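Chemist: The structure that follows is given in the form of structure tokens.
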Amino acid sequence: MLDKTDIKILNILQSNGKISNAELARLIGMAPSGVLERVKKLEQKGIIQGFEVRLNPKALGISLSTFIQIKTSDSVGSSDIGRQIAAFPEVQEVHWTAGEYNYLVKARVSGTDTLTILMKKFGEIPGVRDSRTTLVLDTLKETQALSMDFVKCRQPKKSPK
């Protein structure tokens, strides 16, 4: 279970993954060695999964975001087709969903021509039966940061009186 210091560390790292250990320690009010040890423990527990660079897709010419619902003939509990969909480099997210469609896919492409090519690739996967595509006109918020407001926190041990 996390404590308040772990939560502070995670909040800071989510907003600035490039922060130095010394600066992180200064902001937390701890020794750098103690902060480094905590970060390593958070990594070992799988809470911190890695550090990534966030790129500007528009600056790279990959400005069309799409959400695609895909209906498949996957048997209940199978995600084989989802794994095949996830292998395409244009695909950023694949979510196995309940309802009429089996998967919700987020993909980024350079335009409708490359979207057409991607959709044809999806259609070539055995078991893909139908799809519904939504084009994103503008993105008002997009983040990988998680709200730490509702994470259960270990309370500090009270000293006996």
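Every number in this text was worked out from the coordinates using simple rules, so none of it is lab data. Treat the numbers as computed from the prediction; the structure is a model and nothing was measured. Ideal geometry is used to build each Cβ from the backbone, glycine not excepted, and the neighbour counts take in all protein chains shown.
Chemist: Could you sort 33-39, 135-141 so that the peptide with the highest average Cβ count within 10 Å comes first and the rest follow in order?
Modeler: Working: 33-39: 15.9, 135-141: 7.3.
Highest mean packing first, the order is 33-39, 135-141.
Chemist: Counting other C-beta atoms within 10 Å, and keeping those with at most 11, which DSSP coil chymotrypsin sites (Phe, Trp or Tyr not before Pro) do you find in the range 69-161?
Modeler: Here the sparse-neighbourhood loop sites are Phe150.
Chemist: Can you work out ³J(HN,Hα) from phi for every residue in the range 95-104, in order, using Karplus 6.51 cos²θ - 1.76 cosθ + 1.60 and θ = phi - 60°, giving whole Hz and x for Gly and Pro?
Modeler: 10, 7, 10, 9, x, 5, 9, 7, 9, 10
Chemist: Which one of Thr133, Ser33, Met148 has its Cα pushed farthest toward the positive end of the charge dipole of the chain, where Lys and Arg give +1 and Asp and Glu give -1 at the Cβ?
Modeler: Ser33
Chemist: Please report the relative contact order for the chain, taking Cα pairs under 8 Å with a sequence separation of at least 6, and give it as a percent rounded to a whole number.
Modeler: Relative contact order comes out at 27 percent.
Chemist: Please find the FRET efficiency linking Val136 to Ile47, where r is the Cβ-Cβ separation and R0 is fixed at 30 Å, and quote it to the nearest 0.05.
Modeler: On the way: r = 30 Å, r/R0 = 1.00.
It comes out at approximately 0.50.
Chemist: With n ≥ 4 as the cut-off for DSSP H runs, can you work out [θ] at 222 nm for the chain, using -39500 (n - 2.57) per run divided by the number of residues, rounded to the nearest 500?
Modeler: Details: 5 runs with 52 residues, N = 161.
Counting only the DSSP helices, I get -9500 deg cm²/dmol.
Chemist: Still on this structure: Past the 22 Å Cα-Cα mark, which pairs from Lys41/Lys152; Lys18/Lys106; Lys71/Lys120; Lys8/Lys40; Lys45/Lys152?
Modeler: In this structure, Lys18/Lys106 exceed 22 Å between Cα atoms.
Chemist: Nearest 20 debye, what's the magnitude of the dipole of the chain about its Cα centre given +1 on Lys and Arg Cβ and -1 on Asp and Glu Cβ? Please report the intermediate quantities before stating the final value.
Modeler: Details: 24 positive and 17 negative charges, 194 e Å.
In debye, rounded to 20, the chain gives about 940.
Chemist: Could you order peptides 44-51, 4-11 by the average number of other Cβ atoms within 10 Å of their residues, highest first?
Modeler: The peptides rank, most packed first, as 4-11, 44-51.
Chemist: Sort largest first and round to whole Å: the equivalent ellipsoid semi-axes of the chain, each the square root of five times a Cα gyration tensor eigenvalue.
Modeler: In descending order, the three semi-axes are 40, 20, 13 Å.
Chemist: Now for a different question. The range 21-79 to the range 85-116: how many Å between their Cα centroids?
Modeler: Between the Cα centre of the range 21-79 and that of the range 85-116, the gap is 19 Å.
Chemist: Provide the gained length on full extension for the span Lys4 to His95, in nm with one decimal, where the gain is 0.36 nm per separating residue minus the Cα-Cα distance.
Modeler: Stretched out fully, the Lys4 to His95 stretch lengthens by 29.6 nm.
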